[in-house]
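See below for the structure under consideration.
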Amino acid sequence: MKPIKPNHLKNFITLFVFFFSLNSLMGQGTLSGVVTGDDGEPMIGVSVYVKGTTTGTSTDLDGKYSLKVPAGNQTIAYSYVGFSTYEMSMVVEEGISYTQDIALGTNDLSLSEVVVTGSFSGRSQKESPMSITLLNARQLQQLSSNSQADILRTIPGITAEGGGGEVATNVFVRGMPSGGQYQFTPLQVDGLPVLSTFGLNSSAHDVYFRNDLGLRNLEFVRGGSSTLFGAGSVAGIVNYTSITGSANMDNKVQLEWANGGRLKTDFLSSGPINDNLFYAFSGMYRYDDGPLETGLPTRGYQVRGNLKKLFNDGNSSFTVYGQLIDDNVQFYLPYPLANDNGQRERPTGNDGETIYTMLTGQAKDFSFDTPFGRFKSPIGEGVTTKGGYAMASLKHAFGNDWQLSAKAKAASYDHWFNLFLDGDGTHNVPETQASYLTDRGLPSNAILTYADNGATLGNNDLLFQNRILDRQRPMEELVGETYITKSIGSHNISIGTFAANTKAQDNNWISNFVGDFSSASRMVNIAYTDTSGVDQVFSTDGFISGNQTSNRYHESSKIAFFAGDEIQLDNLSIDVGLRWERANGIISRETGVGSNTFQKGTVSTDGFAVALAGLYKVNTSMNLYANFSRGYFFPQLRSVSFSTPGNPQSYEPESVLQGELGAKYGTNKLAATAALFFVSLDDRRNVDFINDPNNPGNVIEEVKIQSTRTVGAEITVNYNVTKGLNLYGNFTFQDHEFTKVEGNEEQVGNKLRRQPNVMGMAGVSYENSGFDANLSSNFMGKKFANDGNTVELDGFNIVRLDAGYTIGLGKAGESVRLGVSVFNLLDAAGVTEGSPRQGDAQTGSSEFFVGRPILPRRLFIRASFNF
C-alpha cells in the first residue's frame, strides 16, 4: 500500500475540517474565577468550556481561569476526571467581565463524573452513549482483598472468578466464550494496555500489575466506540488511572494485617517539586502465608511513580510513568471436593481436618534431568513476576482547538507461572492404597511410608497423585498510541494510530508426585520387590517422574489506524468511528523438546471495526442512548496449528457484533441506568488446557471453533436515602448459547460454560461523623462447568463488610482511619468452576468432584494514615 505523504495528509485533514463547519464571529464577554475541590484546595487543569462551542480553557497552578465567552445565553461547564461536572447558565453581554468561583465535588449521584476511557474527549458518565462503570479510589480500597476479581465482580455484565488467589482472575463479559483471564477486556493502566496481545501464552494480564494506593479510579467501558481504542477492546476496556501530583501535598500510609499470616504496607506520596513540576509515588510490600495456608509463603513488592511537567503556559504536559515489581503469589487450582448428591463441599482429609487446597510445601524441591540439563522446580515461588515498565505521555493544546495526545511504553518482565494441577490426568481423585497399586501395576505388598518421618501409612489413608506444572514466560513489549483532535463547531474529530510489538516465550516442565489426601499433603514413598527379587523404588520423597513438555516462542506485531467524530448538537450526541488494524505473528515451537526440530512460520491478517452511537437528552436528569459496533478479535497465536511443516493454518480475524439500547438517569439523590444488549461472536478459536488423552500425565492445548450469541439486560441503581446513607445495586440477565461448535454439533444451543444467566449485587453504605461502613452481597446464579452442559454448579453469594472510624491527628487534614474488612463474611463455599482439564469428560455424579471453591472468609484489619 502506497504511504500517504505528509503534505497529502495535511490537505486531507484540511478538507475534512472544512466540510463540517464554519466558525462564526460574535461579541464576547469575559468570565474568570477560581476552581477548588470540596476540600477548599485549588484544582489544577480543570476544563472550563462553553457548551456547544469550541471555546474553553483550563485552570492554572492556583486554580484560576479566564475565558472569553460569546455574548448571549450560554452554559458553562467545569469538568475534571473523577469529579462531578458542574454546569451553570448565564446571560453574557458584550464587553462585560464576570467572576465566578466554583467548588467541584465527588459526592452526588448525578452520573456527572468525567471519564476518559473509550472516548476521544473527557465526558461525563451520563453524556457517554455507552455503558460505563466508575469506581473511585475509596471504593477500590474498600473492595481490594484477594484479587482483581473482588473489584471486577461488582461491575454489571462481568463474571469474575477469583478462587485461584491473587492473580490470574478469570473474567467473562456478556456471554463471550473464553477460558477466562482478560481475552476480550484488555487491562489498561493510564490509557495503555498492560499487555497489548493476548494468546502468546495463557498468563492473565493481571500477573504484571498490582493495585496500590496510587490509583485515582477504575473505568470500565463497554460497547460503542470503546472498540476503537488501544489494543482493540471487543467487549470493553478496564482502565486504571494513576494519581498524578498537584500543588497540594498528599501522603498516605496503610498498614494491613489479615488472618492466615498476611502483613502488607501501602504508601502514596504526591505533590509539587516546583511551580510546574509534580510527582506521585506509590507502592506496596506484602508477606502472606495465605489466603490458604500451604507451607509456601509468598512475599513481594511493587513501586510505581510518575513525574508531570507543565509548560507552554499550561497548554502542554509531559508525564513519565514507571513501575518496578518483584512479587510472587500462590495459585490455587480445582481439587477433589466431597460430592453428596450434587452438594459439593470441601472434603475431610486423612488427618480428620477439612482440606482447603492440595498445594504442599513438601513438593517444592523436586528436580529431574531434561535435554537441556538438570531442572529444579521453582514451584515454591508460585507465580512470580519481576520487571517493570517505563511510559511517557505528551499532551499539547495548540491554537485553534487542535489537541495532540501521544503515549509510548516499554515493558519487560521475567515471569514464571508455576502451579499445582488438579490430579494426575487419569484418576484425578483420591484413591485407596489397594486401588492405587493395582491401577499402576504395582504389587499389593508394596511398602508405603511417609517421607517426612518414615511412618507407615494407616490402613484407611487415601492417596492422591498430582502434577506440578512449571511455566517460564518472559515477556517484553513496545507499545504506543498517538492521535490528534480538532474541535469544529459541534464536531470533535480525531485521527490516530496504535502500534505494538510483543515477544513472549512459553517453556513448560511437568512432574508427577504422590502424597496423602490432606491439606498440605505429606509426600509418600513407595517401594517394592519385583518378581526377580530386585528392590525397586516407585516414588522417592513422593517424586515419580518429570520432563520438559514445550519450548515455544511467539511474537506479535500490530499497527492500527483509527478515526472518529463526536458530534454534539443541542440535545443529541452522535459518535461515529472506524478502525483498521494489521496483525503479524511469528511462531516457533520445538516438536519434541531437545529434538532440534521446529514448527516455524509466520501469519498475518487485518481487521476493521466500525462504531456508531447516539445519545438523546430527554431532560436535565434523563438521557437515552444506543450504540452498535462491528469489531474483530485476532486469534491467539498459540491456537494456530500447522497444515504441513512451515505452513501454518489459515489466520483470519474473528467477527464480533454488539448492540446496546439504554437509559441513564441521574440527580443528586438517585442514579440509575438500564440497558438491553446483544453480542454475537463468529468462528472463535477457543483454546483449552486439557489432559493429554494420548500421553497420561501430560497436558495439551485443544482448539475448538465456536460461534455464540447473547442477549441480555443490565440495571444499576444508587439511591441516597439521607445524608450519608446510600443503597445501591445492580442486576444482569444474559441468555447465551452456542450457535456453532465444530466437531461437537450436538452442543449447538447449549449454554456457555462458567457463565451464569443471572447475577447481581446489593449493598448499603453509611458515612457520618468519622464513622463509615459498607455491606454488600454479590450473587452468581447457576452455571455449567463445561460446554457439554453435563455438570451444573449451584449459585452462591459472597458477602463483604468494610467499616472504619477516622480520627483527626494534629493539623487539619491529618488523620488515621482504623478499619476492619471481612471478605466472604458468611464463609460461603460455592464452586466457581469444575476441572477445565477434564472438559466435557467431567461428570457430577461420582463420590468426588474436582472443582474450585471460592476463597474462605478472611478478616483484614487496617490503619490508614493521611497527612
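The values are calculated or read from the model by the stated rules, or taken from the named source; none is laboratory data. As the structure is a prediction and not an experimental result, all values here were calculated from the model. Using ideal geometry, Cβ is built from the backbone for each residue, glycine included, and neighbour counts are taken over all protein chains shown. Ligands, DNA and RNA are stripped out before the accessible areas are found, and what is left, the full protein with its side chains, is counted by its heavy atoms. Shrake-Rupley method; radii C 1.70, N 1.55, O 1.52, S 1.80 Å.
State log₁₀ I(q)/I(0) for the stretch 671-718 at q = 0.19, 0.24 Å⁻¹ as given by the Debye formula over alpha-carbon point scatterers of equal weight, solvent excluded. So the normalised log intensities are -0.73, -0.86. Sites counted here are GluC sites (Glu not before Pro) in a DSSP loop (not H, G, I, E or B) having no more than 16 other Cβ atoms within 10 Å; the longest part of the chain that contains none of them is 354-741. Once the Kirkwood radius over Cα pairs is known for the stretch 714-867, the Stokes-Einstein relation at 37 °C and 0.692 mPa s delivers a diffusion coefficient of 176 µm²/s.
The stretch 215-291 and the stretch 580-603 have Cα centres separated by 37 Å. Rg and Dmax of the stretch 729-791, both derived from C-alpha coordinates alone, stand at 18.4, 63 Å. As a ratio to 2.2 N^0.38 Å, the alpha-carbon radius of gyration for the chain is 0.99.
Our coupling estimate for the stretch 460-470, obtained by passing each phi through the Karplus curve with A = 6.51, B = -1.76, C = 1.60 and θ = phi - 60°, is 9, 5, 8, 10, 9, 8, 9, 10, 10, 10, 9 Hz, Gly and Pro reported as x. A Cα-only calculation for the stretch 614-680 places Rg and Dmax at 20.7, 65 Å.
Working note: Cα gyration tensor of the stretch 344-405, eigenvalues times five, square-rooted, sorted largest first, giving semi-axes of 52, 25, 8 Å.
Helix 6-18 axis versus longest C-alpha principal axis of the chain: approximately 60°, rounded to the nearest ten. Within the chain, what's the longest stretch lacking trypsin sites (Lys or Arg not before Pro) that sit in DSSP loops with no more than 11 other Cβ atoms inside 10 Å? The longest such stretch corresponds to 1-722.
Report the calculated FRET efficiency for residue 354 and residue 301 (r = Cβ-Cβ distance, R0 = 30 Å), to the nearest 0.05.
0.40
Mind running the shape call on the stretch 314-385? Use the C-alpha gyration tensor, a ≥ b ≥ c as the square roots of the eigenvalues: rounded below 1.5 for a/c, prolate if a/b tops b/c, oblate otherwise. Oblate.
When you filter the chymotrypsin sites (Phe, Trp or Tyr not before Pro) in the stretch 144-240 for DSSP loop state and at most 14 other Cβ atoms inside 10 Å of their Cβ, nothing is left. Converting phi to 3J(HN,Hα) with the Karplus coefficients 6.51, -1.76 and 1.60 and the offset θ = phi - 60°, the stretch 638-652 yields 5, 8, 7, 9, 10, 6, 9, x, x, 10, x, 5, 4, 9, 10 Hz in sequence order, with x at every glycine or proline. Is the C-alpha gyration tensor of the stretch 280-422 telling us rounded, prolate or oblate? Criteria: a/c under 1.5 is rounded; beyond that, a/b larger than b/c is prolate, otherwise oblate. It is prolate, given that a/c is not under 1.5 and a/b is the larger ratio. Spatial offset of the stretch 420-450 relative to the stretch 125-167 amounts to 43 Å, using the alpha carbon center of each. Potential lengthening of the chain between residue 444 and residue 545 amounts to 34.2 nm, from the contour at 0.36 nm per residue minus the alpha-carbon distance. Working note: Karplus 6.51/-1.76/1.60 with θ = phi - 60° gives the stretch 327-342 the couplings 9, 9, 9, 9, 10, 10, 8, x, 8, x, 9, 5, 10, 10, 6, x Hz, where Gly and Pro are set to x. Taken per residue, the accessible surface of the stretch 278-319 reaches 42 Å², heavy atoms only and a 1.4 Å probe. Mind jotting down the distance between the C-alpha centroids of the stretch 833-847 and the stretch 771-792, whole Å? The stretch 771-792 and the stretch 833-847 have Cα centres separated by 19 Å.
Solvent-accessible area of the stretch 503-619 (1.4 angstrom probe, protein heavy atoms only): carbon and sulfur portion equals 54 percent. In the stretch 264-311 the Cα-Cα distances spread across 5 Å bins starting at 0 as 5, 18, 19, 13, 13, 9, 8, 6, 5, 3, 1 percent of all pairs. Here residue 600 is the anchor, and the aspartates and glutamates within straight C-alpha reach of less than 17 Å, apart from those fewer than 8 places off in the same chain, are 506, 555, 590. Per residue of the chain, the DSSP helices (runs of n ≥ 4 H) give a summed -39500 (n - 2.57) that works out to -1000 deg cm²/dmol at 222 nm. Semi-axis lengths, largest first, of the ellipsoid equivalent to the stretch 426-509 are 63, 16, 12 Å, with √(5λ) applied to each eigenvalue of the Cα gyration tensor. Determine the shape class of the stretch 230-323: with a ≥ b ≥ c the square roots of the Cα gyration tensor eigenvalues, call it rounded for a/c under 1.5, and otherwise prolate if a/b is greater than b/c, oblate otherwise. In terms of gyration-tensor shape, oblate.
A Förster distance of 41 Å, applied to the separation of the beta-carbon atoms of residue 619 and residue 805, puts the FRET efficiency at 0.50. From zero up to wherever the largest Cα-Cα distance of the stretch 470-620 sits, split into 5 Å bins and tell me the percent of pairs in each. Per 5 Å bin, starting at zero, the Cα-Cα P(r) for the stretch 470-620 comes out as 2, 7, 10, 9, 9, 8, 8, 8, 7, 6, 6, 5, 5, 3, 2, 1, 1, 1, 0 percent. Summarised in one figure, the compactness ratio Rg/Rh of the stretch 782-867, Cα atoms and Kirkwood Rh, is 1.30. Over the chain, Cα pairs under 8 Å with separation of 6+ residues give a relative contact order of 11 percent. Applying 1/(1 + (r/R0)^6) with r as the Cβ-Cβ distance of residue 400 and residue 569 and R0 = 22 angstrom yields a FRET efficiency of 0.50.
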